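Below you'll find the structure, written out as structure tokens, and then a few comments.
The values are calculated or read from the model by the stated rules, or taken from the named source; none is laboratory data. Computed from a predicted structure; not experimentally measured. Glycine gets a Cβ as well: all are built from the backbone with ideal geometry, and neighbour counts include every protein chain shown.
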Amino acid sequence: MTIRKAELRDVPAIFEMINHYAAEKIMLPRPLTDLYESVREFLVAEGEEGQVLGCGALKFYNAELAEVRSLCVAPGTQHRGMGRALVERVLAEAESYGLKTVFALTLAPEFFLKCGFREVARERFPMKVWRDCLRCDRYFHCHEKTVCLDLPRPSEKPAKVQAEPAEVSA
């Protein structure tokens, strides 16, 4: 499996994965047009035969803050390390931009806690609430948890972030 930047040809598979989980009320749906507009924010996990097996996006809010969005793997491929590999690459990308904090809203906080995030109050990210949450039909009965990770400062980084596609053993 390889983790790489998403391309336009990947959008239909990303759309199918995200909306599969949206139908199960695990994720919010994303319109196809939105995914084409934001394809540059996405990374994908690609299988040996070129199929998209997972995705995740890094949504910027300002020069210090971004959100991990739309993180999922193809149904039936959970527990193979793809989600963790995608998060690690998203975080490496965030570090390469010099971001200070990355957050996520999730129904699976345990996964993010294992990746080094900590649970925080949603109110810590008012720009997210104003941009997305207030328009969501689940706003008044939302069960998502907010998690965040403070990234190391440039002086605290152990080594340079790899920019090439990463090979990940499945």
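Do you know which residues across the range 43-70 are among the acidic types (Asp, Glu) and touching a residue at least 40 places away in the same chain (Cβ under 8 Å)?
Applying the first criterion (among the acidic types (Asp, Glu)) to the range 43-70 yields 46, 48-49, 64, 67.
Answer for the range 43-70, where residues must be among the acidic types (Asp, Glu) and touching a residue at least 40 places away in the same chain (Cβ under 8 Å): Glu46, Glu48, Glu67.
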| query | Condition test on Val68, is it of a type outside the set (Lys, Arg) and closer than 17 Å to Leu151 by Cβ? | reply | yes
| task | Residues that are among the aromatic types (Phe, Trp, Tyr) and surrounded by fewer than 22 Cβ atoms within 10 Å (Cβ to Cβ): find the strands (runs of 3 or more DSSP E) completely inside the range 1-96 holding 1 or more of those. | result | 52-60
| When residues of the range 98-142 are limited to those that are part of a loop (DSSP other than H, G, I, E, B) and acidic (Asp, Glu), the one modelled with the highest pLDDT | Asp137
| Number of positions in the range 1-60 that are of a type in the set (Gly, Ala, Ser) and over 29 Å from Thr101 (Cβ atoms) | 4
| Among (1) modelled with pLDDT of 95 or more; (2) of a type in the set (D, E, K, R); (3) in contact with a helix residue (DSSP H, G or I) (Cβ under 6 Å, 6 or more places away or on another chain), the one test that Lys145 misses | (1)
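Right, Glu167: under 25 Å from Lys5 (Cα atoms) and modelled with pLDDT of 80 or more or not?
On the way: under 25 Å from Lys5 (Cα atoms): yes; modelled with pLDDT of 80 or more: no.
Judged against the criteria, Glu167 is not a match.
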